[in-house]
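Notes follow the structure.
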Amino acid sequence: MPPEPPPTTWTLERPPDEHPHDVWAVGADLEPGTLLAAYRLGVFPMPVDGTLVWWSPEERAVIPVIGFRASRSLGRASRGYDIRVDTAFVEVVRECADPRRPHGWIDADFVAAYTRLHDLGWAHSVEAWDDDGLAGGLYGVGIGGLFAAESKFYRRSGASKAALLALVELLQRAGGERLLDVQWATPHLDSLGAIEVSRAEYHRLLDAALLLPDAFRARTTG
């Protein structure tokens, strides 16, 4: 595991399985220790009208890693890209934060917060490159066997799909019951293999995943 940052100064608790809403808490901060504590509890941040809100969806979207098989369309779309990991993290996050994107929520505070996590070794980018440069990618938080995907973008067709497929393959190679969290289901994520699980099932998967070694560290040191 990467080195632990100073612990959060806030009291954080795991949402009960039967909590009736997706919203769990409001406030706190985006310090590395706070973010890591939240993800370990199954909670993630997303602002609403300038207020920091912490979410625990009743139905959580995940992409099953064990047994994942890329569809033909996904395989075709992802061809022709050179995959790299953690070579352009800040550029990926800034592209995901482009204010011209519909429903954009990633602001400067989030860019800075996740860049700090990346510098500590807890946040990662998976990137698709071609002859013209960075074509697309995604970023998220990796803790043991958990990868909490935060956002993705593309400049060229199929690039973000190539990054996602490469991420799944990286997690598969690491072994164990990995958890690829994609937050909420959408038709697009459904087409890529996402399913919904209950909060209780998500907590079970999370607890098992957190016991596994870091897939990204194994990639660089194994």
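Bear in mind these aren't lab numbers, they're just calculated from the coordinates by the rules spelled out. Given the structure is predicted, the values throughout are model-derived calculations rather than measurements. Backbone-built Cβ (ideal geometry, glycine too); neighbour counts: all protein chains shown.
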TODO: Sum up the charges of everything whose Cβ sits under 15 Å from the Cβ of K161, counting Lys and Arg as +1 and Asp and Glu as -1, but leave K161 out.
DONE: +2
Task: the chain, relative contact order in percent, only Cα pairs under 8 angstrom and at least six apart counted - done: 25
Task: Nearest-ten-degree value, helix 159-174 long axis tilted from longest Cα axis of the chain - done: 70
TODO: Report, for the chain, the % of DSSP beta bridges that are antiparallel, rounded to 5.
DONE: 90
Open item on the list: Assuming 0.36 nm per residue, please report the length gained on full extension of the stretch E59 to E177 beyond their Cα-Cα distance.
Closed with: 40.5 nm
Open item on the list: Can you show me the helix-derived [θ] at 222 nm for the chain, built from DSSP H runs with n ≥ 4 at -39,500 (n - 2.57) apiece and divided by the number of residues, rounded to the nearest 500.
Closed with: -9500 deg cm²/dmol
- [ ] Could you pull out every residue, at least 5 positions away or on a different chain, whose amide H is within less than 5 Å of the one on W55? Hs are placed 1.01 Å off N in the peptide plane, and Pro or chain starts have none.
- [x] W24, F44, M46
- [ ] Report, in degrees rounded to the nearest 10, the 0 to 90 angle that the Cα long axis of helix 199-209 makes with the longest principal axis of the chain.
- [x] 70
TODO: Using every Cα-Cα pair within the chain, state what percent have a distance larger than 26 Å.
DONE: 32
TODO: In vacuum, with every alpha carbon of segment 101-222 counted as one equal point scatterer, what does the Debye formula give for log10 I(q)/I(0) at q = 0.11 Å⁻¹? Two decimals, please.
DONE: -0.39
Open item on the list: For segment 61-101, take every pair of Cα atoms, bin their distances at 5 Å starting from 0, and report each bin as a whole percent.
Closed with: 5, 15, 12, 18, 26, 19, 4, 0
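In cubic angstrom, how much convex hull volume per residue do the alpha carbon atoms of segment 77-123 span?
On the way: hull volume 4.7 nm³, N = 47.
In segment 77-123, the Cα convex hull volume per residue is 100 Å³.
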Task: Under 13 Å, Cβ to Cβ, from V92 - net charge with Lys/Arg +1 and Asp/Glu -1 - done: -2
Task: Cα-centred dipole magnitude for segment 60-221, charges only on beta-carbon of K, R (+1) and D, E (-1), debye, nearest 20 - done: 440
